[in-house]
Amino acid sequence: MSKIEEKSIDLATQEALQKAQDENIKTTWDRLDCQQPQCGFGQLGSCCTVCNMGPCRIDPFGEGAQVGVCGANVDTIAARNLARKVAVGASAHSDHGRDVAHTLALLAQEGEHKHASGTHTHNYTIVDTEKFHKLAKEFGINPENKSKEEIAKELSKKLLEEFGKQEGELAFCQRAPQKRQQLWRKLGLTPRGIDREVVELLHTTTMGVDNDYKNILNTAMRCALSDGWGGSMIATEVQDIILGSPQPIRGKVNLGVLKENYVNIVVHGHEPVLSEMAVKAANDPELVKLAKSYGAEGINLVGICCTANEVLMRHGVPVAGNFLQQELAIVTGAVEVMLVDVQCIMPALHEVSNCFHTKLITTSSKARFPGVMHIDFTIDNAYETAKAIIKAGVENFPNRDKQRVSIPKHEMDLVAGFTKEVVFNILGGQYRSTYQPLNDAIVSGRLRGLAGVVGCNNPKQTHDLFHTVLVKELIKNDVLVLQTGCSAIACAKQGLLIPEAAKLYAGKGLQEICEAVGIPPVLHLGACVDNSRILTAASHVIAQGGLGEDLSDIPAAGCAPEWMSEKAITIGLYFVASGVYTIFGASPFAVLGSKNLTNYLTNEIEGVVGGCFAFSDDPLEMARLMIAHIDKKRQALKLKPAMY
Ligand code: BF8
């Protein structure tokens, strides 16, 4: 078993892990130890469980079986395994997008209802009217003589149709540069309907359908694109409309944001529609009064994972931690309620919460835990549900065992809330919104290029180490870093998301830009669905001119250094299919059993879509590879070398 310092570089995590160890509470790291050695066939992607003639596995040494019972070789098996993960990842983001679009639809109905009866049964409204009208226009809706509700009704109908469409092209594909759209059409990669692409991909991977690994990859790319330029983009856009578009905002991060004398409520998961209401309910005077009557100073609502990013971006709600800290928040002994919705919620939370007074509460009918309290959330009971959950937390406060409370004292400041619009305004000035200064900075070489560093944590790697070493190296070399998800939380904890970080860590060129406009060298763009913000920002960079005609021309690269989720694979593939060089850490990628597929993903595919994967288990090597790629793109554009 490795030492605690080898498990995480984060001091708060180390302290909480020590507490868990002292109290004999098992965490994900212990369970990883129990799984050793992990299955080699699974790691190589060469195990097939598609049909009941198997499971089959391909001998990597070439001595045993080289095909499954049906005759599928390792290329087919590995490609199908990868494709199935892509379908699952796309379905997760896109189902989230569907729920948000559905909220907009109900909001329109309820609005109509309000007109008739003067009542309101839900608590949502159009918050970003400008974005709402822009999006309606993008979908060809004529706003003349129409009420907000009528427009919302039409818009939500069109958005929901994006999921069920059978033919044509997803509307947001038009946001991509012309050249990219043409390439997708030529290759048959333009997604037609979100659900269709997920289902078709799953179909092609069943026994006896597609055996051509390159063709499987094509279908997988179309599915991944239906997430990035479809489901995820819908989630981002509609959330901004009904919950508000983020603006730069200060916040705090790490387990130290839990407060000893307060009722601590942790929101965890991905869909901000409920957590938004939880933020409101935590400030409800009646509930605050109740908390005080139990001897608490108030109610402290904090977040974990992407729900945390959502409420951070919009309200500055403190972030208790990223993926690997979810159990540790409970281990502090100071959490009254952890409320969860969907995605990235460890089943182990039930057992860990049973070691304390913490109430784990599920809220989605899609994600139930046996034996765990469930309060079903629907949008027409949103605020009441949130209140009931917070109340359960308040009433649980007296059950806290004060002797067992130990909150690591580590917390860090951060600035979040950067969207494509914010970047636009900040760089161009409020009255001259434009990407020109950003493009000029890249052209002149003051800025070497752009990087997207995203994704999860994985206990197979030292927690947060890869994210922070990689990002520090990138900004040192004048690469502006855009972040989402648990990666942003990792770097925030290490103090990289404050403007002061530019002076401490950034190269001279990036420092000059950050100081001129007052931004951190690392910009937090939100949750994982908000990787769609990176796609639209990059499309604006191309539209602005001077950096080529396609996304693949931009001196930019992406990386998910500590990934674990299928969603990360989908994100990686839609970036590659959009022309971005994308590195994945936490190897193996479960394709290495197939030399052909590995070569295709890391090499040949670049000639097809302009982007490709690379795999590495060394954060400095990742940075070197990304910078080399950025320089290669600078050369291709005939730009001067980086200035400093
Ligand atoms: O969607 S980065 S661990 S929380 S999958 Fe999950 Fe990975 Fe975190 Fe957000 Ni994204």
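Counting only protein heavy atoms, what percent of the accessible surface of the chain is carbon or sulfur at a 1.4 Å probe?
Working: 12380 of 23900 Å².
That fraction is 52 percent.
What whole-number value in Å² describes the accessible area per residue of the range 74-243 for a 1.4 Å probe?
Working: 6710 Å² over 170 residues.
Per residue, the range 74-243 has 39 Å² of solvent-accessible surface.
Which of the aspartates and glutamates could be linked to K137 by a straight reach, that is with a Cα gap under 14 Å, when you skip same-chain ones fewer than 8 residues away?
Correct list for K137: E150, E154, E237.
Using modelled amide H (1.01 Å from N, peptide plane; none on Pro or chain starts), what sits under 5 Å from the amide H of V127, excluding residues fewer than 5 places away?
For V127, whose amide H was placed from the backbone, the distant partners under 5 Å are I242, L243, G244.
Given a 1.4 Å probe and the protein chains all in place, what does the accessible area of M53 round to, in Å² to the nearest 10?
Surface open to solvent at M53 totals about 100 Å².
Can you pull a Stokes-Einstein diffusion coefficient for the range 136-211 at 20 °C (1.002 mPa s), Rh from Kirkwood over Cα pairs, as a whole number of µm²/s?
Values: Rh = 14.5 Å.
Answer from the Stokes-Einstein relation: 148 µm²/s.
Just the number, please: percent antiparallel of the DSSP beta bridges in the chain, rounded to the nearest 5.
Values: 8 of 47 bridges.
The antiparallel proportion sits near 15 percent.
Where does each of Y581, Y574 land when they are ordered by accessible area, with a 1.4 Å probe and the largest first? Don't jump to the answer; show the numbers that get you there.
Values: Y581 25, Y574 0 Å².
If we order Y581, Y574 from most to least accessible, we get Y581, Y574.
If I histogram all Cα-Cα distances within the range 420-636 using bins 5 Å wide from 0, what percent of pairs lands in each bin?
Final binned percentages: 1, 8, 16, 21, 22, 17, 9, 4, 1, 0, 0.
What do you get for trypsin sites (Lys or Arg not before Pro) in the range 608-644 restricted to DSSP loop and a cutoff of at most 12 other Cβ within 10 Å of the site's Cβ?
On the way: sites: R624, K632, K633, R634, K638; in loops: K638.
Qualifying residues, ordered by number: K638.
May I ask you to evaluate 6.51 cos²θ - 1.76 cosθ + 1.60, the Karplus curve with θ = phi - 60°, for each residue of the range 518-524 and list the ³J(HN,Hα) values in order in whole Hz, giving x for glycine and proline?
Along the range 518-524, the couplings run x, 10, x, x, 10, 9, 8 Hz.
Multiply the residue gap between C34 and Q21 by 0.36 nm, knock off their C-alpha separation, and tell me the result in nm, one decimal place.
Full extension from C34 to Q21 adds 3.2 nm.
Compute, for V288, the solvent-accessible surface of its heavy atoms (probe 1.4 Å) with the complete set of protein chains present, and express it in square angstrom to the nearest 10.
Around 30 Å² of this residue is reachable by solvent.
Can you list the residues, at least 5 places off or on another chain, whose amide H is less than 5 Å from the amide H of K359, using H built in the peptide plane?
Long-range HN contacts for K359: V337, M338.
Can you work out D for the range 3-57 in µm² s⁻¹ from Stokes-Einstein, where Rh is the Kirkwood radius over C-alpha pairs, the temperature is 20 °C and the viscosity is 1.002 mPa s?
Details: Rh = 13.8 Å.
Reported coefficient: 155 µm²/s.
Normalised by the residues of the range 420-636, what does the relative contact order come to in percent, with Cα pairs under 8 Å and at least six apart? Working shown, then result.
Details: 415 pairs, mean separation 48.2, N = 217.
Computed value for the range 420-636: 22 percent relative contact order.
Relative contact order for the range 3-57: what is it in percent, counting Cα pairs under 8 Å that are at least 6 residues apart?
Numbers: 21 pairs, mean separation 9.4, N = 55.
The value is 17 percent.
Semi-axes of the equivalent ellipsoid of the chain: what are they in whole Å, largest first, if each equals the square root of 5 times a C-alpha gyration tensor eigenvalue?
Three semi-axes, in Å: 35, 30, 27.
Per-residue accessible area for S587 at 1.4 Å probe radius, Å² rounded to 10?
40 Å²
With θ taken as phi - 60° and the coefficients 6.51, -1.76 and 1.60, list the Karplus ³J(HN,Hα) couplings across the range 365-379 in order, rounded to whole Hz; mark glycine and proline as x.
5, 7, 9, 9, 10, x, x, 9, 4, 10, 10, 6, 9, 10, 5
Rg and Dmax of the range 74-243, Cα atoms, in Å?
In order Rg, Dmax, the Cα atoms of the range 74-243 give 18.2, 63 Å.
Just reorder F377, F41, F397 by solvent-accessible area, largest first, 1.4 Å probe, all chains present. If you can, show how the numbers build up before the last one.
Values: F377 45, F41 70, F397 20 Å².
Most to least solvent-accessible, the answer reads F41, F377, F397.
Quick one: which residues, 5+ away or cross-chain, put their amide H under 5 Å from the amide H of L482? H built at 1.01 Å from N.
Result for L482 returns A451, G452, V453, L523.
Tell me, how many Å apart are the Cα centres for the range 487-548 and for the range 21-50?
Comparing the Cα centres of the range 487-548 and the range 21-50, I get a distance of 35 Å.
For I375, I265, give the ranking by accessible area with the largest first, probe 1.4 Å. Don't jump to the answer; show the numbers that get you there.
On the way: I375 40, I265 0 Å².
Putting I375, I265 in descending order of accessible area: I375, I265.
For the range 255-404, just say rounded, prolate or oblate: build the C-alpha gyration tensor, square-root its eigenvalues into a ≥ b ≥ c, call rounded for a/c under 1.5, and beyond that prolate if a/b exceeds b/c, oblate if not. Write down the numbers at each step before the final one.
Working: a/c = 1.28, a/b = 1.08, b/c = 1.18.
It comes out rounded by the Cα gyration axes.
Label-point separation (nm) for D212 and V127, each offset 7 Å from Cα along Cα-to-Cβ?
It is 4.7 nm.
Hey, what's the range 495-644 come to in accessible area per residue, 1.4 Å probe, Å²?
Values: 4860 Å² over 150 residues.
Each residue of the range 495-644 exposes 32 Å² on average to a 1.4 Å probe.
If you roll a 1.4 Å probe over the heavy atoms of the protein chains, what accessible area per residue do you get for the range 298-357, in Å²? Before the final figure, lay out the partial values.
Working: 970 Å² over 60 residues.
Roughly 16 Å² per residue, with all protein chains present.
Tell me the mean residue ellipticity at 222 nm calculated for the chain from its helices only (DSSP H runs of n ≥ 4, each -39500 (n - 2.57), averaged over every residue, nearest 500). Intermediate results must be reported in sequence, preceding the final value.
On the way: 28 runs with 312 residues, N = 644.
Value at 222 nm, helices only, nearest 500: -14500 deg cm²/dmol.
Among all helices in the chain defined by DSSP H, which have a length of 18 Å or more along the axis from Cα atoms plus a Kyte-Doolittle mean of at least -0.5?
Going by DSSP H runs, the hits are 74-117, 213-226, 382-396, 531-544, 619-636.
The values are calculated or read from the model by the stated rules, or taken from the named source; none is laboratory data. Owing to the predicted nature of the structure, the values given are computational and were not obtained by experimental measurement. For neighbour counting, all protein chains shown are included, and Cβ atoms are generated from backbone atoms with ideal geometry for every residue, glycine included. Accessible surface is based on the protein model in full, side chains and every heavy atom, while ligands, DNA and RNA are left aside. Shrake-Rupley method; radii C 1.70, N 1.55, O 1.52, S 1.80 Å.
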